[in-house]
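The values are calculated or read from the model by the stated rules, or taken from the named source; none is laboratory data. Predicted, not measured: the structure shown is a model, and the values here were computed from it. Neighbour counts are summed over all protein chains in view; Cβ atoms, including those assigned to glycine, are modelled from backbone coordinates with ideal geometry.
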Amino acid sequence: MFNIPKDKEVPLGCVTPAPVTEQPMMITGNWREYRPVLEPEKCDLCMNCVVFCPDACFQLDEAEEMVVLNEKYCKGCNICINECATNALTEAYELDFEDGVVRLETPF
């Protein structure tokens, strides 16, 4: 059917792993209004946030036995908040963070 190179093939129905290195061109743009905030004490490691995040912003830290959010890549879609079974994720207004807004240096 398709002529896919062997090194690019993935099994049907598989989960493709997230990039393991920083991807500078995937940092969120200047449109995010809200970002998720994780309350680790409420998290039961159901992994819904990891599975449903379209930008692979969540990863499991096996050493600490907790989910970690990389806010640089979060686009603010809030899918993770909707899918969180324990309400461990809530939304917060982007400008309320003391560390500033995560943004690209240039718009595009």
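Output the residues belonging to region 39-97 that are among the polar types (S, T, N, Q) and more than 8 Å from the chain's Cα centre (by Cα). Passing the criteria: Asn48, Asn78, Asn82, Thr86, Asn87, Thr90. Count of region 26-70 residues, restricted to those that are of a type in the set (Phe, Trp, Tyr) and without any contact (Cβ under 8 Å) to a residue 24 or more places away in the chain, is 1. I need the full set of residues from region 56-73 which are outside any strand (DSSP E or B) and over 14 Å from Glu83 (Cβ atoms), in order please. Matches in region 56-73: Ala56, Glu62, Ala63, Glu64, Glu65, Asn70, Glu71, Lys72, Tyr73. Note on region 59-73: among residues that are within 23 Å of Leu95 (Cβ to Cβ) and not charged (D, E, K, R), the one that is modelled with the highest pLDDT is Leu69.
For region 31-43, a residue qualifies if it is out of contact with any Gly (no Cβ under 7 Å at 6 or more places or on another chain), loosely packed, with under 13 Cβ neighbours inside 10 Å and assigned to a loop (DSSP other than H, G, I, E, B), and the qualifying residues are Trp31, Glu39.
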